[in-house]
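These notes are about the structure you will find just below.
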Amino acid sequence: MPYVHPEQDPAERRRIDPAIEMEGISKAFGSVQANRDVRFTVRHGEIHALLGENGSGKSTLMNILSGIYQPDAGTIRLRGREVVFRSPRDSIELGIGMVHQHFKLVEPMTASENVAMGTGDGLSRSRAKAAERIRDYAARFGMPVDPDKKVADMSVGEKQSVEILKVLYRGADILVLDEPTAVLTPQEIEHLFAILRRMREEGASIVFISHKLHEVLDLCDRVTVLRKGETVGTVDVAGTTALRLIEMMVGRAVDLSIERPPVGADGPCLSVRGLTVRDALGVAKLDGVSFDLAHGEILGVAGLAGSGQKELCESIAGLVHPQSGAILFHERDIVGRSPREIIRMGISMSFIPEDRLGMGLVASMDIADNIMLKDYALYGGFLLDRGSARRKAQSIVDRLAISTPSIFHPVRKLSGGNIQKVILGREIDLSPKLLVTAYAVRGLDIHSSYTIYHLLNEQKRKGVAILYVGEDLDVLLELCDRVMVLCGGRVTGIVDARTSRKEEIGLLMTGVTGDAPVPAGAGEGKA
């Protein structure tokens, strides 16, 4: 299928049937009703946002549109014709392309090889023709992609462009983008939006899924909101506000302000000096990192994915042993200490890892037992107070509004957002002096995210020192007191969040400093 039907120009296509009509869509998984009588319509030549809290049914609806799931009831029409998807291949052949948040690329291969993979154009006789088509698409939509460049050598923004080229190459004129800006710098986001606007001008239909309401209001034409698996309504962006969209999502008005209490005056909690971490091949993941963190302060950490955030957090938590440097907690060096040794030193620290199920929780255990895991190290014997642990678990579930049938529900059966709430609630409940959080709100809807921001500020008021690794630069500047920027394992700047702009942080993320830039290739995130 060609990208634009040759018999119709974009203006003509806007006047005929909508690109997508989903009517009465229902889908259940056992006793859980994921979608109930959902209505969703996308016009030709529009960018249409799909919003909703975690568990609202967005992913299920898009999986139905992508042919991954089949609906229990309802109809789907594309360009005025009723269709039935029995597999993802059916969806692709009818011009629907899904661009996932986590890139599906083979890094040792070139852009051209990734784009042409699975189309039959990867054979030697077709490679030149495929590369030429890719160049045409790239030039047409303003994507600076070299077909012969290996994905491993690309920036995150270039990888995003390759993902879009993949679906265009297969003839898609309907694109679904799932959290496409999560790992991009502000400059890359602006470039992506320019590409999407150009595609809209040519008649493409784009479904844009994001938790960032300012992006939705800046980019999109209309918004459809889901709540608890049902359609709340569709509104024009020009006639709505962020507050109104939040109210539609959660069913009531929500305060979108983030407080920034003054920094506590209790002195330094953590001092990191010349921290260097190398991987098994000797490549520096952290290179001479130094900073201070005071009690009652939130220090944000920004950077493209793979810039050293993971190694920094795990070094402080005792999971990684640095090759050199010092990590001083109240002047006591904890470098080389295991997590259990750090606890036995009397150091009160909580760590919320990036990999929730891999490192933070035991998937097969229930909520109550997972919350009790951290307490186990503090007991002297084999007998545990299960009654107290269960009361604590219930308190955390109630306070964070964790959606679960009971505290005895297995963690692996929770949604991603609710899994994050379990580990965050457990770590905060330990009353730490130092709290290290890696992407605390990743995957959470905006209402849940603001609940987390308020909880962090509660800890700040109690004098807790907080290291907050985040992706959303707007939140980093609004929530944190200072922001430290990492690029290629080095600190490229520590700025005052009250006076800095996200464009400044975006440049630091790419290695552009007030002095000399970081060497080429440093800080190019790995998605």
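The values are calculated or read from the model by the stated rules, or taken from the named source; none is laboratory data. Keep in mind the model is a prediction, meaning the values are calculated, not measured. Note that each Cβ is placed from the backbone with ideal geometry, even for glycine, and that neighbours are counted across all protein chains shown.
Tabulated data
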{"read-out": "Helices (runs of 4 or more DSSP H) within segment 212-325 that include 3 or more residues in contact with a Phe, Trp or Tyr (Cβ under 9 Å, 6 or more places away or on another chain) and not aliphatic (A, V, I, L, M)", "value": "309-317"}
{"read-out": "Number of positions in segment 437-452 that are β-branched (Val, Ile, Thr), under 14 Å from the mean Cα position of the chain (by Cα) and more than 16 Å from Glu478 (Cα to Cα)", "value": "0"}
{"read-out": "Evaluation of Glu190 against (1) touching a Ser or Thr at 6+ places or on another chain (Cβ under 9 Å); (2) closer than 22 Å to Gly45 by Cβ (one fails), failing number", "value": "(1)"}
{"read-out": "Of all residues making up segment 217-242, the number that are under 22 Å from the mean Cα position of the chain (by Cα) and not charged (D, E, K, R)", "value": "9"}
{"read-out": "Qualifying residue in segment 405-426 (condition: in the same structural domain as Val483 (by TED's automatic domain parsing), part of a loop (DSSP other than H, G, I, E, B) and of a type outside the set (A, V, I, L, M, F, W, C))", "value": "no"}
{"read-out": "Of residues in segment 414-436 being charged (D, E, K, R) and over 20 Å from the mean Cα position of the chain (by Cα), the one modelled with the highest pLDDT", "value": "Lys433"}
{"read-out": "Conditions (1) outside any helix (DSSP H, G or I); (2) in contact with a strand residue (DSSP E or B) (Cβ under 7 Å, 6 or more places away or on another chain): number failed by Gly171", "value": "(2)"}
{"read-out": "Unique residue being touching a Pro at 6+ places or on another chain (Cβ under 9 Å), modelled with pLDDT of 85 or more and of a type in the set (Gly, Ala, Ser) when the list is Ala363, Ala317, Ala377, Ala326", "value": "Ala317"}
{"read-out": "Candidates Ser210, Ser257, Ser307, filtered to the one that is within 19 Å of Ala440 (Cβ to Cβ) and free of Cβ contacts under 8 Å to residues at least 40 places away in the same chain", "value": "Ser257"}
{"read-out": "Subset of segment 44-99 that is of a type in the set (Lys, Arg) and over 26 Å from Leu245 (Cα atoms) - its residue that is surrounded by the most Cβ atoms within 10 Å (Cβ to Cβ)", "value": "Arg79"}
{"read-out": "Flag if Val145 is under 18 Å from Ile195 (Cβ atoms), within 27 Å of the chain's Cα centre (by Cα) and part of a helix (DSSP H, G or I)", "value": "no"}
{"read-out": "Answer residue from segment 17-58, given it is among the hydroxyl-bearing types (Ser, Thr, Tyr) and at pLDDT below 95 and is nearest to Cys220 (Cα to Cα) among those", "value": "Ser56"}
{"read-out": "Filter result for the condition that a residue is of a type in the set (D, E, K, R), surrounded by fewer than 20 Cβ atoms within 10 Å (Cβ to Cβ) and under 24 Å from Val42 (Cα atoms), over Asp178, Asp148, Asp136", "value": "Asp178"}
